[in-house]
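As structure tokens, the structure follows; a few thoughts come after it.
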Amino acid sequence: MSLFPTYNRFPLTIVSGEGTNVTDDKGNTYLDFVSGIAVCNLGHRPPEVQSALEKQLGELWHVSNLYQLPKQEQAANLLTEATNLDYVFFCNSGAEANEAAIKLARKHTQRETIVTFKQSFHGRTFATMSATGQEKIQQGFGALLPTFEYLPFNDEKAVNELEGDDIAAIMVEVVQGEGGVVPGTKAFLEAVQQKCEELGALLIIDEVQTGIGRTGAPFAHQLYNLDPDIVTSAKGLGSGFPVGAMLGKEKLVDAFSAGSHGTTFGGNPLASTAVCATLETIFDESFLEDVQSKGEWLRSQLEEDLLPLSLVKEVRGKGLMIGIQLEEEAIPLVHKLRENGLLAVVAGPKVLRLLPPLNVTKDEMTKAVSIMKQVLQEHSSLQNV
Ligand SMILES: *Cc1c(COP(=O)(O)O)cnc(C)c1O
């Protein structure tokens, strides 16, 4: 095999998918509660996105940002209409969206320090790896970019005590995803917002995982009435078509003038078509209300069935982004769940993470809960003998 072994891959080869269901090369089917890590928010091959892409495939795949791109403008409008932000820059991943945010914040403020949080995850490029508050991500690459400072997450006291005249921005996830599905508290997030205002720093919210309806609002910061200057998006933005975006306020427009930043593929006609078809479905009030109520229902079912097990410490999350804090390593359970027909993913060593498609049905959730209950119960009783 000639792939760099950068991923720990499970022994599973998925060959097809439809909605919440995927099939492997042996004909086994699974409920997919990973969704490509919060990417396939409308399930696999959602018909409305597929047909829009098929039409676009027959017209035009790629032209450069040298030319007018009406589809890209339309995608940008869908994002700005759903938020308090005014301009959009399209790129190809979450890390690139955060790179753009870091560059924009530094250029606009003419300051260099970006404050982020421990256990955060912002990507794997040099700047976003440096922004990420996790040593295991940074190890072995030598000196990081020196302009990042890390505060403890959910610690409003540490935020209140922050000072300095070189702070360009504070960058935060509303719910830490890779760091363990840890929702920010209202008091903490409000302290971050207030500190930004006090320091004249920008508030950057990394919504790469929490955005695009995942938490029951277009973007999770809207659940807390936060008013960020910059929001980054990717993962669910194109339903599986690789695309990222950075959204910013009007006041930032001069710092990203012609020639200041760019990328070859960013927002090409195929990507923009995937974005438009995805957002037209998800950014709908009743669709999002449904996500909230399904998320509450799923969390309450999981609490009812799993919390009695000594293995399970907490069920937490927002919308359909759910973390189950265990007393032990989560990976063995991910294997057992898969063997029983349910795909889940970890978030840190001891957290099981569920990210079902946002259009998951009640039946599918019921089935997933019963698999979880059976597997975790079996695991607990095995340990107690
Ligand atoms: C996944 C993720 C990223 C990185 O996105 P990539 O597309 O993998 O570069 C950044 N921030 C958060 C919060 C993420 O969950």
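Among residues of region 57-69 that are modelled with pLDDT of 95 or more, those with a Cβ under 6 angstrom from a residue that is surrounded by 11 or more Cβ atoms within 10 Å (Cβ to Cβ), sequence gap 6+ or separate chain, pair up as L60/P269; W61/L270; H62/N268. Can you find even one residue in region 292-300 that is assigned by TED's automatic domain parsing to the domain that holds G180, within 20 Å of F33 (Cβ to Cβ) and in contact with a helix residue (DSSP H, G or I) (Cβ under 6 Å, 6 or more places away or on another chain)? No: zero hits.
Checked against (1) out of contact with any Lys or Arg (no Cβ under 7 Å at 6 or more places or on another chain); (2) closer than 22 Å to Q292 by Cα; (3) surrounded by fewer than 21 Cβ atoms within 10 Å (Cβ to Cβ), Q325 passes all but a single condition, namely (1).
Restricting attention to region 85-124, report how many residues are of a type outside the set (A, V, I, L, M) and farther than 24 Å from L162 by Cβ. Please lay out each step first, then the result.
First, the residues of region 85-124 that are of a type outside the set (A, V, I, L, M): 86-87, 89-94, 96, 98-99, 103, 106-113, 116-124.
Now drop any that are not farther than 24 Å from L162 by Cβ, which leaves 86-87, 89-94, 96, 124.
Total satisfying the criteria: 10.
Only one of the listed residues (I230, I205) is β-branched (V, I, T) and in contact with a Lys or Arg (Cβ under 9 Å, 6 or more places away or on another chain). That residue is I230.
Of the set (1) surrounded by fewer than 18 Cβ atoms within 10 Å (Cβ to Cβ); (2) in contact (Cβ under 8 Å) with a residue 60 or more places away in the chain; (3) more than 17 Å from R9 (Cα to Cα); (4) not acidic (D, E), all apply to L306 but (1).
Contact map, region 22-45: first residue part of a strand (DSSP E or B), second residue within 16 Å of the ligand (Cβ to nearest atom), Cβ cut-off under 8 Å, separation 6 or more or different chains; pairs are D32/C40; H44/G240. In region 264-280, what residues are part of a helix (DSSP H, G or I) and either within 16 Å of the ligand (Cβ to nearest atom) or touching a Ser or Thr at 6+ places or on another chain (Cβ under 7 Å) (or both)? Scanning region 264-280 gives A271, A274, V275, T278. Checking Q374, Q301 one by one, the residue that is surrounded by fewer than 20 Cβ atoms within 10 Å (Cβ to Cβ), in a helix (DSSP H, G or I) and without any contact (Cβ under 8 Å) to a residue 40 or more places away in the chain is Q374 and no other.
Of the listed requirements (1) over 23 Å from G19 (Cα atoms); (2) over 23 Å from the mean Cα position of the chain (by Cα), P349 misses just one: (2). In this structure, is T147 polar (S, T, N, Q) and within 22 Å of the chain's Cα centre (by Cα)? No: the conditions fail for T147.
Would you pick out the residues in region 165-187 that are in contact with a helix residue (DSSP H, G or I) (Cβ under 7 Å, 6 or more places away or on another chain) and either without any contact (Cβ under 8 Å) to a residue 40 or more places away in the chain or within 20 Å of A201 (Cβ to Cβ) (or both)? Can you show your working first?
Going through region 165-187, the residues in contact with a helix residue (DSSP H, G or I) (Cβ under 7 Å, 6 or more places away or on another chain) turn out to be 167-172, 174-175, 186-187.
Within region 165-187, I167, A168, A169, I170, M171, V172, V174, K186, A187 qualify.
Every residue in region 133-171 that is in a strand (DSSP E or B), among the aliphatic types (A, V, I, L, M) and more than 13 Å from the ligand (Cβ to nearest atom), please. Please lay out each step first, then the result.
Within region 133-171, the first condition is being in a strand (DSSP E or B), and the residues that meet it are 133, 148-151, 167-171.
The next check asks that each one be among the aliphatic types (A, V, I, L, M); those that pass are 151, 167-171.
Answer for region 133-171, where residues must be in a strand (DSSP E or B), among the aliphatic types (A, V, I, L, M) and more than 13 Å from the ligand (Cβ to nearest atom): L151, I167, A168, A169, I170.
Restricting attention to region 89-132, and to residues there that are part of a loop (DSSP other than H, G, I, E, B) and away from the ligand (no atom under 12 Å from the Cβ), which single residue is surrounded by the fewest Cβ atoms within 10 Å (Cβ to Cβ)? Ranking the candidates gives Q110 first. All conditions but one from (1) in contact (Cβ under 8 Å) with a residue 24 or more places away in the chain; (2) on the phi < 0 side of the Ramachandran plot apply to S286; the one that does not is (1).
The values are calculated or read from the model by the stated rules, or taken from the named source; none is laboratory data. All figures in this text were calculated on a predicted structure; none of them were measured in a lab. As a convention, Cβ positions derive from the backbone with ideal geometry for all residues, glycine included, and neighbour counts pool all protein chains shown.
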